[in-house]
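The structure under discussion appears below in the form of structure tokens.
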Amino acid sequence: MLRGGSSSHAGGSSRSSKDNEPAARFSKQFSDFILNLGDIRNVEYIQVNYPEGYNMLLVGHELIQSIRRYDGASDEIRTAISQPSSENEEAAWRKICPSAQLLRKCYEYAQSI
């Protein structure tokens, strides 16, 4: 347990100057929380659920990386609209389809969570 003794100082206050620090506030907020890593129920729960959670995080990380690499298709779309031709239309579709696939993957990932 994370409990510290209260110390008095000249100001008459029983609070130490560390009480304003984030770590001190965190330890007070969760002072009754005890994690027993040796409890067999925790080990079984982790063994059953860790692989699924880890895989979900990997998929999410891959999606985030794909989103970061996204460069859009607005220029190709504008060109296809302002200068209609089969080449411009093909170029726009080549950019739009991967974006739509990424959007669908993100949607399916969100639904699976």
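Quick one: would you say residue 52 is of a type in the set (Asp, Glu) and modelled with pLDDT of 90 or more? For residue 52, the condition - of a type in the set (Asp, Glu) and modelled with pLDDT of 90 or more - is not met.
Out of the residues in segment 83-105 that are of a type in the set (Lys, Arg) and open to solvent by 70 Å² or more (accessible area, probe 1.4 Å), which is farthest from the chain's Cα centre (by Cα)? Ranking the candidates gives 94 first.
Within segment 59-93, the set of residues being farther than 30 Å from residue 112 by Cβ and either among the aliphatic types (A, V, I, L, M) or in contact with a His (Cβ under 8 Å, 6 or more places away or on another chain) (or both) comprises 77, 80, 81, 91, 92.
Residues are listed down the side, and each one gets a yes or a no for (1) over 14 Å from residue 95 (Cα atoms); (2) loosely packed, with under 10 Cβ neighbours inside 10 Å:
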residue	(1), (2)
42	yes, no
47	yes, yes
52	yes, yes
55	yes, no
62	yes, no
68	yes, yes
75	no, no
81	yes, no
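Looking at (1) open to solvent by 70 Å² or more (accessible area, probe 1.4 Å); (2) at pLDDT 75 or above; (3) more than 21 Å from the chain's Cα centre (by Cα), can you tell me which one residue 21 breaks? The one condition residue 21 does not meet is (2).
Residues of segment 84-107 that are under 19 Å from residue 69 (Cβ atoms) and of a type outside the set (A, V, I, L, M, F, W, C): 94, 95, 98, 99, 101, 104, 105, 107.
The values are calculated or read from the model by the stated rules, or taken from the named source; none is laboratory data. Please read all numbers here as calculations on a predicted model, not as lab measurements. Positions of Cβ are generated from backbone atoms using ideal geometry, with glycine treated the same way; all protein chains shown enter the neighbour counts. All accessible areas refer to the heavy atoms of the entire protein, side chains included, with ligands and DNA or RNA removed. Shrake-Rupley method; radii C 1.70, N 1.55, O 1.52, S 1.80 Å.
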